[in-house]
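One structure below.
Where a number appears in this text, it was derived from the coordinates with a stated rule and is not lab data. Every value quoted in this text rests on a predicted model; they were computed, and no experiment measured them. Note that each Cβ is placed from the backbone with ideal geometry, even for glycine, and that neighbours are counted across all protein chains shown.
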Amino acid sequence: MADHASLLLVGASHHTAPIGVREKFAVPPERVSEFQETLHASGLARETVVLNTCNRTEIYAVVNRPGDTGPIVDHLCAFQRMERALFDDHGFVLENEEAVRHLFEVASGVDSMVLGETEILGQVKSAYASARGQSTIGPLLNRLFQKSFQAAKWARTHTGIGRGQVSVGTVAVDLAGKVFGKLERCRILLVGAGEISERTLTALKNRGASSVTITNRTDEKALELARRFEGTALPFQQFPAALTHYEILICSTASPEALLSADRFREIMRRRSYAPLFAIDLALPRDIDPAAADVDNLYLYNIDDLSAIADDNLAQRQTELIHCREQLQQRARGFWKQIRG
């Protein structure tokens, strides 16, 4: 890498921004390619990878001038039609070795809301593959992301951070179990058929849930999950009306806008004769309008609401976390010395 080039990371995460703000940072999946194309066309970055998850939006970029963070931040704000002041209040910027260390911790599940969660590594790999497919990744980011995969493998093999609850889905199911006790008698509807839904289904089955229905915009995905987990598939257009039949609703789609409004839930609750409905929204942007939390007998939780359970999980493994971070820091320092050398 040329001496005057620099590795830059700009973004926001659950550590710096509440869910309502993270929604403003999140680049819609269908517009990530456009974001990267415009960033490269402007000459602001040589290489770029965009990582979007429910807990973070992070742009990894190789730029020509060290410390030249302003143009990348301005590009993100303009693309998202977001005030720069919002980034100044809730965003963060890391450079060079610190950006390397951060990615190693993200890929390893160390920086996650649920310590050691496993979905994030797949999401990092998907972001890397997307950038390769679009040819916005070059020699530095290629090496960096490959090293992050190795760091994640080391962390899971040599530390205990993956023990216990290791996904947002398992935490959500644990919360449902605390509310309902036994899940065998609960009728559960999952909206979405991605990796989070799959892990949530695994957790539900492990907790004894037997009446599970899956719906998704792509019917084939819902049917495939239903077959694998001995559940039932429901056509996507029918699920709002069908909510009169379920006690638990779990949403995790990639929809750019809310699927269920507060008014829709008022109608649903009237038809349910106000029987309680427990809803967990694991999506970002959110699938359920947050105003629905005011609807009588609707108990709505989002990914930030799960943080208390996640904090309990973290406290139990604090020693493992410290050891893992120390080792990842050493790996990041070694990698950056190789790059500079």
Once you order the gyration tensor axes a ≥ b ≥ c over the Cα atoms, which shape class does the stretch 168-309 get: rounded for a/c under 1.5, otherwise prolate or oblate by comparing a/b with b/c? rounded
Take every Cα pair under 8 Å in the chain that's 6+ residues apart, average their separations, divide by the length, and report that relative contact order as a whole percent. 17 percent
Order these by the 10 Å Cβ neighbour count, fewest first: S108, S261, S197. S261, S197, S108
Two-decimal Rg to Rh for the chain - Kirkwood Rh, Cα set: 0.99
Could you list E98, E320, E326, E119 so that the one with the fewest beta carbons within 10 Å of its beta carbon is first and the one with the most is last? E326, E98, E320, E119
List R81, R187 from most exposed to least, where exposure is judged by having the fewest other Cβ atoms within 10 Å. R81, R187
Cα gyration tensor, the stretch 127-214 - rounded (a/c under 1.5), prolate or oblate: oblate
Neighbourhood charge, 12 Å Cβ-Cβ cut-off, centred on A209 and excluding it, Lys, Arg +1 and Asp, Glu -1: +2
What lysines sit close enough to K153 to cross-link, taking a C-alpha to C-alpha distance under 16 Å and skipping anything fewer than 8 places away on the same chain? K125
Mean Kyte-Doolittle of at least -1.0 plus a Cα span of 15 Å or more along the axis: flag which DSSP H helices in the chain meet both, please. 96-108, 119-133, 139-158, 168-180, 195-206
Three-way shape call for the stretch 6-158 based on the alpha-carbon gyration tensor, with the a/c threshold at 1.5: oblate
